[in-house]
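Okay, structure first, notes after.
The values are calculated or read from the model by the stated rules, or taken from the named source; none is laboratory data. Predicted model only: the values in this text are computed from it and were never measured. All Cβ positions, glycine included, derive from the backbone under ideal geometry; neighbour counts span all protein chains shown. Surface accessibility is based on the protein's heavy atoms, side chains included, excluding ligands, DNA and RNA. Shrake-Rupley method; radii C 1.70, N 1.55, O 1.52, S 1.80 Å.
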Amino acid sequence: TLFQIFMTGLGDQDLEVRSNSAYGVGALIESATIDASPYFGDVLKAVYPLIKIADNTNNARDNAAGCVARLILENADAVPLADVIPVWISALPISKDHLEDIPVYDAVCHLLETRRKDVS
C-alpha cells in the first residue's frame, strides 16, 4: 500500500527520500477516509529522527514537523502530546519549506483553541 511505501521510505538511507516520505505519510493521513490513528505511534517513531536532524537542507525537519502537525489535526487524542509537543516545538519555526507553515500553525491554534491540558 501507499502507506507502507512511505513508511519504508522513512527508513531509507537517502535523506531526500526520508523527507519526501515524511510529507507523503502526513498528507496521506490527512486525506484518509479511514481512521489512521492506530498507525500514529509508528509514524511518530519514524519521523522522530528527522525532527532531530541538524541539517534541514532537504526540508526533512520541516516535512517531519508538518507530518506531526497533520497527525495532531487529524486526531490529537491519538497523539501522546506530553511527549510529542516538546520535540515537535524544537523543530520550529519552519525554516525552508514554508508550505508546512499551514498545517503546523493550524495545529498550534487547534491545540490552544481546544485548551488541551498537555499544552500550556
Point to revise | Extension gain from THR1 to THR57, taking 0.36 nm per residue of separation minus the Cα-Cα distance | key: 17.3 nm
Exercise for review: Could you order HIS98, HIS110 by accessible surface area, starting with the largest, using a probe radius of 1.4 Å?
Suggested key: HIS98, HIS110
Check your understanding: In what sequence, largest accessible area first, do LEU92, LEU50, LEU112 appear using a 1.4 Å probe?
Key -> LEU112, LEU92, LEU50
Point to revise | Rounded if a/c under 1.5, otherwise prolate or oblate - the chain, Cα gyration tensor axes | key: oblate
Review point. Quick one: with all protein chains in place, what share of the accessible area of region 47-120 is carbon or sulfur, to the nearest percent (1.4 Å probe)?
Key: 54 percent
Exercise for review: With a 1.4 Å probe and every protein chain left in place, tell me how much accessible area PHE3 has, in Å² to the nearest 10.
Suggested key: 40 Å²
Revision key, fill the gap. Heavy-atom accessible area per residue of the chain, all protein chains kept, 1.4 Å probe, expressed in Å², is 54 Å²
**Study point:** Mean Cβ count within 10 Å, highest first, over the residues of peptides 78-85, 56-63, 100-107
**Key:** 56-63, 100-107, 78-85
Check your understanding: Does a label point 7 Å from the Cα of GLU113, set along Cα-to-beta-carbon, have any residues of region 19-41 with amide nitrogen under 17 Å, and which are they?
Key -> none
Exercise for review: Determine the calculated [θ] at 222 nm for the chain from helices alone, applying -39500 (n - 2.57) to every DSSP H run no shorter than 4 residues and normalising by the residue count; nearest 500 deg cm²/dmol.
Suggested key: -20000 deg cm²/dmol
Check your understanding: Got a number for carbon plus sulfur as a percent of region 1-41's accessible area, 1.4 Å probe?
Key -> 55 percent
Check your understanding: What is the spin-label model distance, in nm, from ALA32 to LEU99 if the labels are put 7 Å beyond Cα along the C-beta direction?
Key -> 2.1 nm
**Study point:** Reachable aspartates and glutamates from LYS45, criterion Cα separation under 12 angstrom, eight or more residues apart if same chain
**Key:** ASP83
